[in-house]
Amino acid sequence: MIQKLLDERKLPALMKMNDGTPVTKENWEARRRELIDVLETMEYGRFPKKCGETTWKVVSAGESSAGKATKSRVEITVPMPDGESFTFPVTVSIPNTATADAPKPAFVYISFAFLWYYPEEELVDNDVTVAEMWMNDVAWDTDEHLEKMAAHFSKDGQRAPDTTGKIGLWAFAASCVLDYLLSLDCVDRNRVGVIGHSRLGKTALWAGANDERFTHVFSNDSGCSGAAITRQKVGEDFPAICRRFPYWFCENMKEISGTVEDSENAPFDQHYLLAAVAPRKLYVASAEKDQWADPVSEYLCCAAASEAWEANGVTGFVHPDRLPEGWDRFADGNVAYHIRPGTHYLSRHDWVRYCDFISG
Ligand code: GCU
């Protein structure tokens with residue numbers, strides 16, 4: 001059943017190089033570069049390159065979660081392509097159980113608002129460190145390119161056709177937060193994840209696709225231009241997302257988002273984005289009532305991307321031959337998926353399952 005549904009979507013081939021050569025474990029890295037290149041050129045814009053060392057300063061620290069953790073405010077400073085630098089804050093919660101002798105997992109959590117809800121104490125009790133980065137501290141979620149990090153990537157507010165959009169700036173900032181986390185000897189570098197919800201789920205996927213130091217990548221309800229297949233998607237489509245949020249993407253995205261037909265003729269689909277995480281660990285989650293994001297297209301996208309893991313000799317997406325429903329969770333492979341009843345939200349239920357996956 002699932003293969004038939006996938007065939008109907010008529011996706012561009014994943015496991016063939018641009019010149020038609022079949023993809024194997026040996027040329028996987030070259031294929032991964034091709035996937036990222038088309039996504040950079042047409043969708044998100046060029047992923048910023050580091051122009052120098054990321055530095056940081058802990059500006060305050062204190063006990064939190066009933067004394068079971070330390071919470072600090074850290075300023076991250078990143079050299080910019082115009083020779084200047086840009087500084088933004090993150091809030092880091094480190095459980096006392098995470099030590100140099102017993103390093104523990106950590107998340108870079110890209111959030112909607114400074115200290116947006118997350119079950120902080122529960123994460124502490126699960127020995128998980130969280131570095132929370134607020135997107136608006138990095139770049140405003142608006143169509144302007146003159147302020148904050150965006151100012152360093154535009155000329156007088158104008159962007160070149162493949163200059164990064166806001167998703168790329170937030171994703172790059174997440175990668176700079178990772179520089180800081182990896183400097184902490186209480187963080188287990190084999191278990192560092194990036195996580196975000198909705199537009200920030202798209203961002204987490206783009207960060208994880210580009211920065212291979214992220215061992216685990218989590219997309220919560222990311223939908224259109226995130227974890228959902230674009231071809232025949234229900235709910236939001238490329239024309240709709242680009243009318244409201246053109247600045248999330250590069251200017252070239254306009255070429256493939258005028259009509260639904262244009263987007264269905266694009267030389268890529270979102271399984272390219274998921275596959276760029278291979279052979280690392282990927283977790284995609286949906287909410288049943290979130291038809292705008294389209295849970296079926298998110299699930300099918302995991303199934304479509306799975307062959308990238310298999311070509312690398314590891315298990316991809318292990319799932320039954322049917323669509324997901326209720327509280328289904330399929331987490332036996334390197335690509336995991338769950339759905340839950342309810343609406344578009346990064347809930348406690350989702351967090352707990354992400355914790356299990358990264359701790360596993
Ligand atoms: C809008 C947008 C989605 C996005 C969501 C969010 O609904 O259309 O693409 O994921 O906002 O970020 O909450």
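Go over the candidates SER93, SER72 one by one and state the one that is more than 30 Å from ALA160 (Cβ to Cβ), polar (S, T, N, Q), in contact (Cβ under 8 Å) with a residue 24 or more places away in the chain and open to solvent by less than 70 Å² (accessible area, probe 1.4 Å).
The unique qualifying residue is SER93.
Do you know which residues across the stretch 178-219 are in contact with a helix residue (DSSP H, G or I) (Cβ under 7 Å, 6 or more places away or on another chain), closer than 16 Å to VAL138 by Cβ, open to solvent by 10 Å² or more (accessible area, probe 1.4 Å) and more than 11 Å from the ligand (Cβ to nearest atom)?
ASN210, ASP211
Within the stretch 284-301, restricting attention to residues that are open to solvent by less than 10 Å² (accessible area, probe 1.4 Å), hydrophobic (A, V, I, L, M, F, W, C) and not in a helix (DSSP H, G or I), which residue is nearest to the ligand (Cβ to nearest atom)?
Only one residue fits best here, namely ALA293.
Within the stretch 37-50, is even one residue of a type outside the set (Phe, Trp, Tyr) and assigned to a strand (DSSP E or B)?
Taking every residue of the stretch 37-50 in turn, none turns out to be of a type outside the set (Phe, Trp, Tyr) and assigned to a strand (DSSP E or B).
When residues of the stretch 103-147 are filtered for being in contact (Cβ under 8 Å) with a residue 24 or more places away in the chain, closer than 19 Å to VAL177 by Cβ and open to solvent by less than 60 Å² (accessible area, probe 1.4 Å), how many remain?
Of the residues in that region, 25 qualify.
Quickly run through the stretch 72-112 and pick out the residues that are more than 20 Å from the chain's Cα centre (by Cα), part of a loop (DSSP other than H, G, I, E, B) and over 11 Å from CYS186 (Cβ atoms).
Listed by number, the residues that qualify are MET80, PRO81, ASP82, GLY83, GLU84.
Going residue by residue through the stretch 60-67, is there one that turns out to be aliphatic (A, V, I, L, M), in a loop (DSSP other than H, G, I, E, B), more than 30 Å from CYS242 (Cα to Cα) and more than 23 Å from the chain's Cα centre (by Cα)?
no
Do you know which residues across the stretch 220-247 are touching a residue at least 24 places away in the same chain (Cβ under 8 Å), open to solvent by 10 Å² or more (accessible area, probe 1.4 Å), within 10 Å of the ligand (Cβ to nearest atom) and hydrophobic (A, V, I, L, M, F, W, C)?
Of everything in the stretch 220-247, just one residue is touching a residue at least 24 places away in the same chain (Cβ under 8 Å), open to solvent by 10 Å² or more (accessible area, probe 1.4 Å), within 10 Å of the ligand (Cβ to nearest atom) and hydrophobic (A, V, I, L, M, F, W, C), namely PHE245.
Looking at this structure, is GLN270 at pLDDT 95 or above, surrounded by fewer than 22 Cβ atoms within 10 Å (Cβ to Cβ) and within 13 Å of the ligand (Cβ to nearest atom)?
Spelling it out, it is not the case that GLN270 is at pLDDT 95 or above, surrounded by fewer than 22 Cβ atoms within 10 Å (Cβ to Cβ) and within 13 Å of the ligand (Cβ to nearest atom).
So GLU255 ticks every box in (1) surrounded by 19 or more Cβ atoms within 10 Å (Cβ to Cβ); (2) not in a loop (DSSP other than H, G, I, E, B) but one. Which box is left unticked?
With (1) surrounded by 19 or more Cβ atoms within 10 Å (Cβ to Cβ); (2) not in a loop (DSSP other than H, G, I, E, B) applied to GLU255, the lone miss is (1).
Considering only the stretch 317-333, state which residues are in contact with a helix residue (DSSP H, G or I) (Cβ under 8 Å, 6 or more places away or on another chain), in a loop (DSSP other than H, G, I, E, B) and either open to solvent by 40 Å² or more (accessible area, probe 1.4 Å) or closer than 13 Å to TYR354 by Cα (or both).
Within the stretch 317-333, HIS319, ASP321, ARG322, LEU323, ALA331 meet the criteria.
Looking at SER175, is it within 16 Å of the ligand (Cβ to nearest atom), at pLDDT 95 or above and open to solvent by less than 10 Å² (accessible area, probe 1.4 Å)?
No: the conditions fail for SER175.
How many residues are outside any loop (DSSP other than H, G, I, E, B) and either more than 17 Å from LYS166 (Cβ to Cβ) or in contact (Cβ under 8 Å) with a residue 40 or more places away in the chain (or both) when one looks only at the stretch 197-219?
Looking only at that region, the number is 16.
Consider ALA304 carefully, then state whether it is closer than 19 Å to PRO22 by Cβ and outside any loop (DSSP other than H, G, I, E, B).
Considered against the rule, which asks whether it is closer than 19 Å to PRO22 by Cβ and outside any loop (DSSP other than H, G, I, E, B), ALA304 comes out as yes.
Note down all Cβ pairs under 7 Å where the first residue falls in the stretch 289-314 and is at positive phi, the second is among the acidic types (Asp, Glu) and open to solvent by less than 30 Å² (accessible area, probe 1.4 Å), and they're at least six residues apart or on different chains.
Note: no pairs meet the criteria.
The values are calculated or read from the model by the stated rules, or taken from the named source; none is laboratory data. Being a predicted model, the structure only gives us computed values, none of them experimental. No Cβ is skipped: glycine too gets one built from the backbone with ideal geometry, and neighbour counts run over all protein chains shown. Protein only, heavy atoms only, side chains kept; ligands, DNA and RNA dropped before computing areas. Shrake-Rupley method; radii C 1.70, N 1.55, O 1.52, S 1.80 Å.
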